[in-house]
Amino acid sequence: MPIMKGVFFSWLVLFCSPGFAQVRHATLTGSLVMQTGEVFPYKLVLTDSGNVVKGYSYTYKEPEETKTAIRGMLDKHMRTLSFKEKDIVYSHTVQTKAYMCLVNASLEYVQDGSRKALKGSITSREADNTSCTPGEIIFKDDKELQDLFSSHEAFDTVITMKKKVKEPVGEAAPVTVETLVEEKVTAGVEKLYEWHSDTVVIDVWDGGTVDGDRITIQFNGKPVLTSYSLVKEKKQLRLPIAGVGVNTILIMAENEGYDPPNTASMLLTDGATRYSILAYNKKGNASLIKIKRVK
């Protein structure tokens, strides 16, 4: 490829978005405890891209296991994992007193006796709303859990190499590198940024699977975007700030689409400074961002 003098082409490497994400792999081995008193081996084999996980669950003991595709969300800060079994890849006949269905699990990292465990109850229903036997999933392997919740901050970095033009002949053109660390906000987790310009520029889009997520954004208590369906293309808002003090941006989850939870990728721009944010919530919950105008 010929080199064009004075021109550097932009390359964007995104380590926290689908298609460009640095993917990590994790395995969790534990138990599925049914209300009938039965206990079955239960394993998750996951890929973790940002805070979105997908992979497979394995129920029962080989070679009679059932393999199911799953998708969910991992919150390393809150130490929670939620996921849904979506489709059965293959299954075998197993004798059980429980009425087994695809599960929907919400797990928390909590004290369980003398050690820590990732555990939580499961809910499941058939398509016709028939109830299935309730139960609980428990993972206790310390190394597996430490690997799952390790921060790996290098994977949460966005690096942008910007274009430089009309550089003097004979001089090396400098490369501007801007590093953005993606912040994750959800109900109960707020972010506060000092703001220097008189305008908040917000770009919002669905950075994951476009699954019909709808959000409402309020600025200082007033709606500026109502029940908006997120798509791949960025929607931009320009919000003026008057005076100094704290301003609030509230991102409300109107639904959870067909792939819970509700997730909204956002880029907040303060002059030459940018902040990458992922807001994720269950239906009816909201993320809160505060910006403090300074002189």
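The values are calculated or read from the model by the stated rules, or taken from the named source; none is laboratory data. Bear in mind that the values here come from a model prediction, so they are computed numbers and not experimental data. Methodologically, a virtual Cβ is constructed for each residue, glycine included, from the backbone with ideal geometry; neighbour enumeration extends over all protein chains shown.
The strands (runs of 3 or more DSSP E) falling completely within the range 38-155 that include 1 or more residues that are closer than 25 Å to Asp211 by Cα map to 39-49, 52-59, 66-75, 80-90, 104-112, 115-123. Total residues in the range 279-295 satisfying the condition of being in a strand (DSSP E or B) and among the charged types (D, E, K, R): the figure is 3.
Residues are listed down the side, and each one gets a yes or a no for (1) surrounded by fewer than 19 Cβ atoms within 10 Å (Cβ to Cβ); (2) under 21 Å from Asp75 (Cα atoms); (3) small (Gly, Ala, Ser); (4) at pLDDT 95 or above:
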residue: Gly207; (1), (2), (3), (4): no, yes, yes, no
residue: Gln218; (1), (2), (3), (4): yes, no, no, yes
residue: Leu225; (1), (2), (3), (4): yes, no, no, yes
residue: Pro240; (1), (2), (3), (4): yes, no, no, no
residue: Thr273; (1), (2), (3), (4): yes, no, no, no
